[in-house]
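The structure appears below as structure tokens.
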Amino acid sequence: MVCQLCKQKEATVHLTQIVDETMKKLDLCEACAKQKGVNDPAGFSFAELLLGAAESPEATTEAVDELRCKRCGHTQADFKKAGRLGCSDCYTVFADALEGLLKGMHRGTRHRGKIPAAMRRQVEQEAILERLNGELSAAIVREDFEQAARLRDEIKVAKATV
Amino acid sequence: MNLLEFLIPTAEVCRRAGPQDRIVYSSRVRLARNLPSTPFPGHGKKADRMRAYETLLPVVKELPEMADSMAESMDHLTPLEKQVLVERHLISRDHAARGAGSGFVLNREESFCVMINEEDHLRMQALRPGLQLRQAWLAIDALDTVLQERIGFAFSAERGYLTACPTNLGTGIRVSAMLHLPGLVLSEQIGQILKAVNDIGLAVRGLYGEGTEALGNIFQVSNQMTLGESETEIVERINKVLLQVIEHEENARVGLLEKKAKVVFNHVGRAYGILSHSHTISSKETMNLLSLLRLGVDIGMLPAASRSMVDELLLITQPAHLQTLFTRREKLGADERDILRADVLRERLKGLDRPDHMALGGAGPALSGADI
């Protein structure tokens with residue numbers, strides 16, 4: 001078996017982890033495993049590895065790698081390489097890649113801590129909007145268009161106050 | 001302003017007391033914050049970094065907590081001065097490596113230190129002696145609230161405070177305590193304890209943080225997860241874990257004195273012998289032996305009052321402190337440092353009587369083969 005990272009040396013380190021309820025396997029040679037810190041229990045290297053290399057090749061097409069933050073010029077490839085974002089806007093730009101990464105890294109993917117006073121109202125509004133949008137989709141699915149129209153109006157009002 | 005004149009003298013720093021300070025050296029809570037839509041320090045161009053620095057510095061300096069403080073740009077410090085700050089755990093090793101466009105603001109009591117343009121635009125820390133995680137959190141929370149009103153940090157309802165590295169995302173909080181665990185090391189229970197601490201999602205590191213060795217039986221315990229739970233939940237969990245580690249350490253010490261008293265006496269006595277008689281000694285050996293001397297104080301072989309002296313020796317024998325305090329020469333080689341370190345130790349330990357195992361409660365454990 002050949003190492004999935006360098007694709008040259010024989011893979012001797014085999015990792016298995018459940019990510020998003022699917023089993024992910026990773027086969028690495030010793031040099032790559034060491035370089036990625038696989039033996040370091042303190043790190044989050046597995047999550048980074050999954051994002052960087054083990055993700056199925058089809059998912060990480062060139063187009064995705066070319067995703068670029070308009071604000072700071074950081075690309076998805078930069079993010080994968082350094083494990084760091086370029087600016088706060090990057091969190092919106094690379095949201096898809098982040099979602100899976102955060103799941104393996106933290107207790108949850110939603111902030112449950114301190115909210116700046118000035119943001120509290122907005123955060124509440126956003127939560128309301130999110131709930132209404134969810135209800136709207138559900139109403140459309142069950143073809144309850146009367147309810148959907150009501151929700152659409154409510155959303156319009158909520159959006160105006162954000 | 002001169003950094004070394006501003007810093008609290010080493011003897012005074014080591015006399016500061018806190019809860020559980022037999023085992024917990026210090027507590028720290030750090031928050032990572034960033035300016036919205038501005039490149040993070042590690043990504044932006046120098047001009048971006050300078051602009052962020054110019055924006056943040058005056059606001060941080062104006063905080064009431066920072067009324068009496070020192071602010072300095074990293075490029076105005078000598079490598080030795082930067083290293084002194086690292087040895088005091090006031091700035092990170094990463095921050096010490098930075099230059100123009102990065103800096104710090106430190107208050108007179110050394111209870112707050114804010115790093116500007118470290119990995120994030122702001123890394124603000126509250127520092128307390130002993131186990132005071134809650135107090136440190138409340139202090140830095142208040143400081144953050146005021147700064148938030150004046151600056152407005154990058155924040156999203158879903159992800160919380162946005163940070164350069166996703167490992168700090170959400171609360172941006174790092175809660176940590178520095179522990180002295182010689183009992184667990186000597187009784188060989190440390191691996192088990194550290195594994196348990198690791199398994200519940202906390203990180204254990206050496207004296208100077210990430211990727212450093214646990215010299216002098218000193219371990220730093222901190223949270224790794226920052227998203228998905230509140231700051232208070234994180235603080236309380238670590239606090240609970242630390243109280244358990246402290247209990248295990250105390251039990252290990254009692255167990256050692258019951259079953260292997262001679263081994264402990266031997267360690268402490270030899271540590272004293274080497275530290276007070278050597279003519280050249282490395283930093284690593286010094287730290288490991290001073291740890292045993294500190295254990296000697298804790299179990300009563302040395303007077304309780306000498307703990308702050310032992311702690312001061314640990315600080316002043318670090319390379320940068322040694323060079324700034326005891327020589328005018330800017331750069332000493334490692335060999336020269338080892339000689340100077342031994343000279344300082346011999347001189348200081350003249351004032352400390354030999355460890356006395358008879359000073360322990362009772363007549364001391366009876367000597368038998370099983371002790372060893």
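The values are calculated or read from the model by the stated rules, or taken from the named source; none is laboratory data. Keep in mind that what you see is a predicted model, and the values were worked out from it rather than measured. Don't worry about glycine lacking a Cβ; one is built from the backbone with ideal geometry, like all the others, and counts go over all protein chains shown. Note: areas computed on protein heavy atoms with side chains; ligands, DNA, RNA excluded. Shrake-Rupley method; radii C 1.70, N 1.55, O 1.52, S 1.80 Å.
A few notes on this one:
- Ordered from largest to smallest accessible area (heavy atoms of protein chains, 1.4 Å probe), the residues B:Thr167, B:Thr78 come out as B:Thr78, B:Thr167.
- Entries of A:Lys80/B:Lys82; A:Lys103/A:Lys159; A:Lys80/A:Lys103; A:Lys70/A:Lys156; A:Lys81/B:Lys46 with Cα pairs more than 24 Å apart: A:Lys80/B:Lys82; A:Lys103/A:Lys159; A:Lys70/A:Lys156
- Cα-based shape type of segment B:3-254, given that a ≥ b ≥ c are square roots of the gyration tensor eigenvalues and the cut on a/c is 1.5: prolate
- For B:Asp356, the solvent-accessible surface computed with a 1.4 Å probe is close to 70 Å², ligands and nucleic acids excluded.
- Accessible surface of segment B:3-254, 1.4 Å probe: 51 percent of it comes from carbon and sulfur atoms.
- Take every Cα pair under 8 Å whose residues are at least 6 apart in sequence, average their separation, divide by the length of chain B, and the relative contact order is 18 percent.
- Charged neighbours of B:Ala359, selected by a Cβ distance under 14 Å, balance to -2 (K, R count +1; D, E count -1).
- Accessible area expressed per residue, segment B:47-117, with surrounding protein chains retained (probe 1.4 Å, Å²): 39
- With the helix formula -39500 (n - 2.57) applied to DSSP H stretches of n ≥ 4, the protein assembly as shown reaches a computed 222 nm mean residue ellipticity of -14000 deg cm²/dmol.
- With every protein chain in place, segment A:117-161: carbon and sulfur % of accessible area (1.4 Å): 55
- Karplus-derived HN-Hα couplings along segment A:104-117 (A = 6.51, B = -1.76, C = 1.60, θ = phi - 60°), whole Hz, x at Gly and Pro: x, 9, 10, 5, x, 10, 10, 5, 10, x, 4, 10, x, 3
- Accessible-area loss of 20 Å² or more (1.4 Å probe, protein heavy atoms, chain alone versus all protein chains) is found in segment B:1-45 for B:Ser37, B:Pro39, B:Phe40, B:His43.
- Gain upon complete extension [B:Asn266, B:Ala305; 0.36 nm per residue less C-alpha separation]: 11.9 nm
- Summed buried accessible area for B+A [probe radius 1.4 Å, Å², rounded to 100]: 3300
- When nucleic acids and ligands are ignored and a 1.4 Å probe is applied, A:Met1 ends up with an accessible area of around 120 Å².
- Counting only other chain Cβ atoms within 10 Å of each residue's Cβ, the peptide A:75-84 averages 2.
- Sequence of A:Glu146, B:Glu336, B:Glu65 when ordered by accessible area, the most exposed leading, probe 1.4 angstrom: A:Glu146, B:Glu336, B:Glu65
- Length added when fully stretched, A:Met1-A:Glu135, from 0.36 nm per residue minus Cα-Cα: 43.3 nm
- Each of B:Asp356 and B:Thr327 was given a label point 7 Å from its Cα along the Cα-to-Cβ line. The distance between the two points is 3.8 nm.
- Spin-label model, B:Ala71/B:Asp343: points 7 Å from Cα along the beta carbon direction are separated by 4.0 nm.
- Using 0.36 nm per residue and subtracting the Cα-Cα separation, the extra length available between A:Glu99 and A:Asp153 on full extension is 16.4 nm.
- Among the protein heavy atoms, those of B:Val204 account for about 30 Å² of accessible surface (1.4 Å probe, every chain in place).
- Largest-first ordering by accessible area, 1.4 Å probe, given options B:Cys113, A:Cys6: A:Cys6, B:Cys113
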